[in-house]
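Participant: There's a structure below that I have some questions on.
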Amino acid sequence: MDLVILAVFGILSGMMVLVQSPVNTALGRNVGSPVLASFISFLTGMVFLLALCIFTGTDMSISSDGIGSTPWWSYTGGICGAAIVLSFIILFSRVGAVNTVVLPLTGMLAMGAAIDQFGLFGSETYSVSALGVLGFILLAAGMVTVVTVPRHEKDGGKKRIPNEDDGNSPIWYLFGIGVGVLMASQAAINGNLGIHLDSALHSALVSFVVGTAILFAACLWKRNLHDVVLVRENRVPWWMLTGGILGAAYIFFNAYLVPEIGTGTTVVLTITGQMIGSVIIDNFGLLGTVKKKTGALQIIGLALMFAGVVMVKMS
């Protein structure tokens, strides 16, 4: 396939995973629970992947040899995924679209470097080069620029004072970085599962099944499963139910793109899509979000982060 088309797919996949956050956040407001919204998202994603298996004629059975050779922790990717979706709903409502990309991205690349350096989760060992170190420095500089500029802007003539109840608190910054650490761990765990099962699609499906089961149990524990009727009673717009499909499509696109253009290029294109999408969503207040103008310094910070990502992936 033409490289330009593949690049477009990569950017679109990044936008998909970004749009998933405001979609699930809006759903959470309608059903009154981020846990229930996460369950609905995972359930629709699982159904989408099952339909994809049927449509492509993929055998959904898993060999006993594959199961027997797979370490137990390789099945925890779904638990990580459930926690990530729930965390993104909480994070997006606090820090907005741009920071929902910036903060997890920082944690994801830092954890990714640690996974490569120490061979965690059964991954191959790769040393971080000098170019990679420079990339992380640029990434850190860009992140500081993006997340600190809004804190020092004036609001009604008064500087905003950060506290744990708003998105300007360092607590939410650390939370966002922690989500990125979890994302990198999930990617490595699911990658290991895909190797043992010899199928990226099977790995994604297992991850969604496990995540759906975990969130179903959480809904039972919170006794809010009956609130799913609010989806019908509140006449929830159809787009609020697409979060799981967007997440599943993102996984499918990545599984397709990596063999075609490589992991590094796929990651850079995906992050590009997330950054472009975050600026658009914040500036225009799309999908029910509060409109937040992106300033020149934040654009510079995003550019520094992008340069850092490219350097890290080239190293």
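Participant: Collect the residues in region 32-63 that are under 23 Å from Leu225 (Cα atoms) and aromatic (Phe, Trp, Tyr), keeping them in residue-number order.
Facilitator: Those that are under 23 Å from Leu225 (Cα atoms) and aromatic (Phe, Trp, Tyr): Phe39, Phe42, Phe48.
Participant: Taking the residues in region 51-96 that are within 23 Å of Phe216 (Cα to Cα), over 19 Å from the mean Cα position of the chain (by Cα) and open to solvent by 60 Å² or more (accessible area, probe 1.4 Å) as candidates, determine which candidate is modelled with the lowest pLDDT.
Facilitator: Here the residue is Met60.
Participant: Can you confirm whether Met46 is open to solvent by 60 Å² or more (accessible area, probe 1.4 Å) and touching a helix residue (DSSP H, G or I) at 6+ places or on another chain (Cβ under 9 Å)? Give the steps one after another, and end with the answer.
Facilitator: Numbers: open to solvent by 60 Å² or more (accessible area, probe 1.4 Å): no; touching a helix residue (DSSP H, G or I) at 6+ places or on another chain (Cβ under 9 Å): yes.
So Met46 does not fit the description; no.
Participant: So how many residues does region 26-39 have that are surrounded by fewer than 24 Cβ atoms within 10 Å (Cβ to Cβ) and either at positive phi or outside any loop (DSSP other than H, G, I, E, B) (or both)? If you could, list the steps in order and put the result at the bottom.
Facilitator: Initial filter on region 26-39 (surrounded by fewer than 24 Cβ atoms within 10 Å (Cβ to Cβ)): 26, 29-35.
Filter once more, so that each one left must be either at positive phi or outside any loop (DSSP other than H, G, I, E, B) (or both): 26, 29-32, 34-35.
Number of matching residues: 7.
Participant: Can you confirm whether region 106-124 contains a residue that is open to solvent by 60 Å² or more (accessible area, probe 1.4 Å), modelled with pLDDT under 75 and more than 21 Å from the chain's Cα centre (by Cα)?
Facilitator: Checked against the condition, which is being open to solvent by 60 Å² or more (accessible area, probe 1.4 Å), modelled with pLDDT under 75 and more than 21 Å from the chain's Cα centre (by Cα), region 106-124 yields at least one hit.
Participant: Residue check, Gly194 against (1) at pLDDT below 80; (2) surrounded by fewer than 20 Cβ atoms within 10 Å (Cβ to Cβ), all met but one. Which one?
Facilitator: (2)
Participant: Just the residues that are under 20 Å from Gly14 (Cα atoms), open to solvent by less than 20 Å² (accessible area, probe 1.4 Å) and either without any contact (Cβ under 8 Å) to a residue 24 or more places away in the chain or of a type outside the set (S, T, N, Q) (or both), please, taken from region 165-187. Explain how you work it out, then say what you get.
Facilitator: Our first condition is that a residue be under 20 Å from Gly14 (Cα atoms); within region 165-187, this holds for 176-187.
If we keep only those that are open to solvent by less than 20 Å² (accessible area, probe 1.4 Å) as well, we get 176, 179-180, 184-185.
Those that are under 20 Å from Gly14 (Cα atoms), open to solvent by less than 20 Å² (accessible area, probe 1.4 Å) and either without any contact (Cβ under 8 Å) to a residue 24 or more places away in the chain or of a type outside the set (S, T, N, Q) (or both): Gly176, Val179, Gly180, Ala184.
Participant: Looking at the structure I just gave you, is Ile214 at pLDDT 80 or above and either among the β-branched types (Val, Ile, Thr) or open to solvent by 40 Å² or more (accessible area, probe 1.4 Å) (or both)? Working first, answer last.
Facilitator: Numbers: at pLDDT 80 or above: yes; either among the β-branched types (Val, Ile, Thr) or open to solvent by 40 Å² or more (accessible area, probe 1.4 Å) (or both): yes.
In short, yes.
The values are calculated or read from the model by the stated rules, or taken from the named source; none is laboratory data. Treat the numbers as computed from the prediction; the structure is a model and nothing was measured. Here Cβ is always computed from backbone atoms with ideal geometry, including for glycine, and neighbour counts include all displayed protein chains. Heads up: the accessible areas ignore ligands, DNA and RNA and are worked out on the full protein's heavy atoms, side chains in. Shrake-Rupley method; radii C 1.70, N 1.55, O 1.52, S 1.80 Å.
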